[in-house]
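What follows is one structure encoded as structure tokens, with my remarks underneath.
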Amino acid sequence: VKDMPEMTVAYIRHIGPYSGDDKLFGMLFGKLMGWAGPRGLIRFPETKIMAVYHDNPDITEEDKLRTSVCLTVPNDTKVDGEVGKMVIPAGKYAVAFFEIDVTQYGAAWDAVFAGWLPQSGYKCVDGYCYENYLNDPANHPEGKHLVEICIPVQPN
């Protein structure tokens with residue numbers, strides 16, 4: 001469990017099914033990077049790339065699921081068109097690190113919510129659950145994704 005800072009992010013939102021759809025995420029991130037690059041907003045290593053999940057897929061109908069692909073931006077960044085801006089609040093987050101392939105994201109989320117959380121002494125609270133992407137899988141020797149799953153928590 002870590003104290004995470006407030007982050008302002010630019011995003012492109014998708015509504016509908018997304019589980020295991022690598023092409024969808026590639027297209028969404030491609031659009032976001034295509035918007036951010038010419039504006040000088042991609043500044044690694046300080047720029048963070050993430051996906052925010054607004055709904056619980058166990059509760060929300062698949063065609064209504066909302067996810068936002070994001071990158072951190074300065075607070076005063078102007079957005080337009082399909083690019084929006086939001087703030088991910090600072091707070092206590094459970095942060096779980098995984099080295100996985102594209103087919104293992106569901107199992108990773110299950111490991112956090114069904115495995116760690118029930119016995120942790122913490123509970124999930126309202127807020128944004130997100131994945132923080134730490135690498136480009138194309139540059140990993142095994143094509144693995146290095147990712148942190150972050151969920152807002154408080155003590156039980």
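Below is a table of values for the structure above.
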quantity	calculated
Boolean, residue 105 is within 29 Å of residue 156 (Cβ to Cβ), open to solvent by less than 50 Å² (accessible area, probe 1.4 Å), modelled with pLDDT under 95 and not in a loop (DSSP other than H, G, I, E, B)	yes
Some residue of segment 59-66 being β-branched (Val, Ile, Thr) and open to solvent by 90 Å² or more (accessible area, probe 1.4 Å)	yes
Within segment 77-99, tally of residues that are more than 22 Å from residue 126 (Cβ to Cβ) and in a loop (DSSP other than H, G, I, E, B)	7
Test: residue in segment 102-116 that is more than 21 Å from residue 54 (Cβ to Cβ) and among the acidic types (Asp, Glu)	no
Wholly within segment 1-53, strands (runs of 3 or more DSSP E) carrying at least 1 residues that are open to solvent by 60 Å² or more (accessible area, probe 1.4 Å)	2-4, 7-15
Pairs with Cβ under 9 Å, 6+ apart, first in segment 51-72 and touching a residue at least 60 places away in the same chain (Cβ under 8 Å), second exposed (fewer than 14 other Cβ atoms within 10 Å of the Cβ) and of a type in the set (Val, Ile, Thr)	54/60; 71/47; 72/47
Selection status of residue 130, surrounded by 17 or more Cβ atoms within 10 Å (Cβ to Cβ), touching a Lys or Arg at 6+ places or on another chain (Cβ under 8 Å), in a strand (DSSP E or B) and of a type outside the set (D, E, K, R)	no
Subset of segment 83-94 that is hydrophobic (A, V, I, L, M, F, W, C) and open to solvent by 40 Å² or more (accessible area, probe 1.4 Å) - its residue that is nearest to residue 73 (Cα to Cα)	87
Criterion (assigned to a loop (DSSP other than H, G, I, E, B), within 15 Å of the chain's Cα centre (by Cα) and not aliphatic (A, V, I, L, M)) met by exactly one of 74, 152, 141, 57	57
Selected residue (only one of 16, 20 is out of contact with any helix residue (DSSP H, G or I) (no Cβ under 6 Å at 6 or more places or on another chain), farther than 23 Å from residue 90 by Cβ and not aliphatic (A, V, I, L, M))	20
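The values are calculated or read from the model by the stated rules, or taken from the named source; none is laboratory data. Here the structure is a predicted model, which is why all the values come from computation and not from measurement. No Cβ is skipped: glycine too gets one built from the backbone with ideal geometry, and neighbour counts run over all protein chains shown. These accessible areas exclude ligands, DNA and RNA; they are computed on the full protein's heavy atoms, side chains included. Shrake-Rupley method; radii C 1.70, N 1.55, O 1.52, S 1.80 Å.
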